[in-house]
Structures are given as C-alpha cells and as structure tokens.
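For reference, the structure is listed below as structure tokens.
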Amino acid sequence: MDIRLRALSYFIAAAEAGSVSEAASNLNLSQPSISSAIMQIEEALGVQLFIRLPSKGIQLTAQGSEVLKEARQLMANVEEFRASVDDVGGHMHGDLSVAGFLNLGSNYMADIIATFQTKHPKINVHMNDYNQQEIFEALTTHKVEMAVTFDLDLPSSFEVRYVATKEPHALLPSTDPLAAQDAVSIEDLAMRPFVLMDLPHTAEYFLSLFHNMGLTPDVRFRSRTFETVRTFVASGLGVSILNLRPKIDATYNGKNVVIRPIKQRLKPLKIVLLHYKRLRPRKIAETFSDHIADYFACTD
C-alpha cells in the first residue's frame with residue numbers, strides 16, 4: 001500500500017472543508033488534484049471515503065471518519081518527527097492546532113500566544129474558538145491536538161492538567177443598589193432579572209450555582225457571548241454571574257459594570273488543558289502547555 005503524505009493532507013483538507021472545491025481554493029490547487037488524491041487513497045484502502053452530495057459538497061462515510069482520525073494522527077507524528085530532527089540543531093518548529101474556550105480567547109489567549117511565539121518563533125499556533133461541546137468533538141476527531149478550557153463535564157477520555165482557578169463573581173449595573181455593597185448574596189441575585197451565559201455545559205454550571213442553594217434565577221435574557229452578557233448588565237437589564245474578569249470594567253456600549261464578590265462559597269471553575277488520552281502529545285504541545293501553566297502562575 002503506497003499512500004503519499006501529500007494525498008493524506010489533501011484528504012484532510014477536503015474533509016474539514018466539506019467540499020472539494022473549497023479545499024482546492026484553500027490550498028491554492030486545482031479540484032482534480034484533490035479528487036485524484038482522494039481516489040488514490042480509496043483505491044489503496046479499498047473503502048469509500050466520501051458520499052458526494054449534489055450541490056452540497058461531500059460527507060464522510062463511517063469508514064472515511066475512521067481514516068480521517070488515523071490520517072490526522074499520522075500527520076501529527078510526521079510533524080513530531082520533523083520537530084525532533086530540528087531539535088538536534090537546538091530549535092523547535094512546526095504547527096500546533098489548539099481549541100480555546102470562547103471566553104478565554106479574548107481574555108487570555110492573545111497574550112499567551114504572543115509571548116509564546118516570542119520564545120518559539122518557529123512554532124505556529126493555530127487557535128479556534130469553540131464552546132465546550134465543540135471542544136470535545138474537535139479533540140475526539142483529532143481536529144485539534146490540545147485545548148484550553150474549563151473543567152465542565154469533562155469526559156474520561158481526556159488527559160487533564162489544571163492551571164488556574166476562577167471564582168464566580170457578581171456582575172451588576174452601576175445603578176443597582178447592590179453595587180454599593182462590598183459583597184452580595186446569591187439570594188439577592190436570584191431576586192433580580194438575570195442575564196445567562198447560554199452555552200452548552202456553561203449554562204448548566206451557572207444555573208447550578210442557584211439550584212444548589214435551593215434558588216431559581218429569574219432568567220430574562222440569554223446570550224452565547226461574554227461581552228453581550230456584560231453589555232446587557234451595564235445597560236441595567238439585569239445582573240449576572242461570571243468567572244472571568246477583563247482588565248477593564250467598560251463594555252462595548254461605553255457603560256461600566258460593577259464587580260462584587262459573592263458572600264456564599266460557590267463552586268469555582270478551573271481552567272484546564274486537555275488532550276486526547278489515546279494520542280501522545282508532541283513535544284511542541286507539551287512546551288505550549290508548560291508556557292500556559294507558567295503564564296497563569298505569574299498572572300493569577
């Protein structure tokens with residue numbers, strides 16, 4: 001069986017794009033080049049990788065999904081080999097695909113990646129913003145090699161490294177009388193309109209903070225974005241609870257939120273690094289993980 005690495009890379013690009021034409025455009029190649037590579041792999045393996053959907057692109061077959069996992073693993077091993085060989089000369093290089101939880105990207109990941117690339121300019125970190133469920137799927141299908149996220153409902157199939165703890169805090173409009181207090185109770189928050197961060201696994205966490213105290217929040221607004229929650233609160237539309245705090249209290253609409261600790265001891269969120277247990281992390285991934293751990297050790 002003779003399958004070229006280039007053909008595998010074309011197959012991976014087509015699978016991720018869901019379209020031969022889009023993959024060709026992304027790689028600056030002709031469509032026949034991509035189609036030919038896919039046909040070579042199908043003939044070598046004796047399986048059908050894709051179902052062709054007229055005017056809708058392509059869809060992986062069950063066998064194609066398995067081949068995609070193995071192809072990604074093989075390409076990661078190739079990158080590891082290249083990095084190891086280059087290491088002989090004292091340099092690390094290569095590409096690293098990382099999933100970052102949505103809210104962590106704007107709060108931390110830009111600084112983390114910028115400082116990392118200052119130290120390791122030949123390592124290219126490619127980060128994708130995902131919600132928790134998307135992160136699990138990206139790791140399981142080997143679309144990314146590692147993830148930076150929260151310890152929300154973590155499956156046992158992932159190796160976990162804890163790097164920081166973030167306590168929940170109250171988010172208040174400046175006009176709310178609670179803003180004049182040094183700390184607020186969760187009972188007071190339950191009596192006000194609530195703006196819920198509504199992402200998979202995330203919403204359940206915030207609601208559990210109330211439910212564990214025998215309370216039910218008055219959820220009036222839901223948003224999938226961190227800054228929208230803050231802006232709604234700043235505009236006086238409700239209160240909220242978050243675990244991350246930007247360096248400034250101003251929101252996109254020019255108004256400020258007020259941050260106050262919560263009197264009760266509530267379950268915090270922990271920032272974690274994940275990788276799929278069945279895949280041995282490459283050295284560049286371990287180096288990036290160590291950098292993230294050092295970053296939080298110095299900033300928290």
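Observations
- Test set (1) more than 22 Å from ASP129 (Cα to Cα); (2) of a type outside the set (S, T, N, Q); (3) surrounded by 14 or more Cβ atoms within 10 Å (Cβ to Cβ); (4) at pLDDT below 90 - ILE38 fails condition number: (4)
- The lone exception for GLU42 - which of (1) in contact with a Leu (Cβ under 6 Å, 6 or more places away or on another chain); (2) in the same structural domain as HIS275 (by TED's automatic domain parsing) it fails: (2)
- Yes/no for VAL125 being in a loop (DSSP other than H, G, I, E, B), aliphatic (A, V, I, L, M) and closer than 23 Å to VAL160 by Cα: no
- Verdict on PRO155 being surrounded by 18 or more Cβ atoms within 10 Å (Cβ to Cβ) and either in contact with a Pro (Cβ under 6 Å, 6 or more places away or on another chain) or more than 28 Å from SER9 (Cα to Cα) (or both): no
- Looking only at the stretch 275-287, residues that are in contact (Cβ under 8 Å) with a residue 60 or more places away in the chain and among the charged types (D, E, K, R) come to 4 in all.
- If the condition is being surrounded by fewer than 17 Cβ atoms within 10 Å (Cβ to Cβ) and either of a type in the set (Asp, Glu) or over 12 Å from PHE11 (Cβ atoms) (or both), then the stretch 22-35 contributes SER25, ASN26, ASN28, LEU29, SER30, GLN31, PRO32.
- Residues being closer than 21 Å to ALA17 by Cα and either modelled with pLDDT of 85 or more or in a loop (DSSP other than H, G, I, E, B) (or both) - total across the stretch 75-89: 0
- Near pairs, Cβ below 6 angstrom, 6+ apart or cross-chain, from the stretch 246-274 (closer than 30 Å to PHE288 by Cα) to any residue that is among the aromatic types (Phe, Trp, Tyr): LEU269/PHE150; LYS270/TYR162; VAL272/TYR162; LEU274/PHE158
- Any hit, the stretch 141-151, residues being more than 18 Å from ALA285 (Cα to Cα) and in contact with a Leu (Cβ under 7 Å, 6 or more places away or on another chain): yes
- Which listed residue is assigned by TED's automatic domain parsing to the domain that holds ILE259, surrounded by 16 or more Cβ atoms within 10 Å (Cβ to Cβ) and in contact with an Asp or Glu (Cβ under 9 Å, 6 or more places away or on another chain), from LEU139, LEU178: LEU178
- When PRO173, PRO193, PRO121 are checked against the criterion of being surrounded by fewer than 15 Cβ atoms within 10 Å (Cβ to Cβ) and of a type outside the set (A, V, I, L, M), PRO121 stands alone in meeting it.
The values are calculated or read from the model by the stated rules, or taken from the named source; none is laboratory data. Treat the numbers as computed from the prediction; the structure is a model and nothing was measured. Cβ sites come from the backbone with ideal geometry, for glycine too, and all protein chains shown count toward neighbours.
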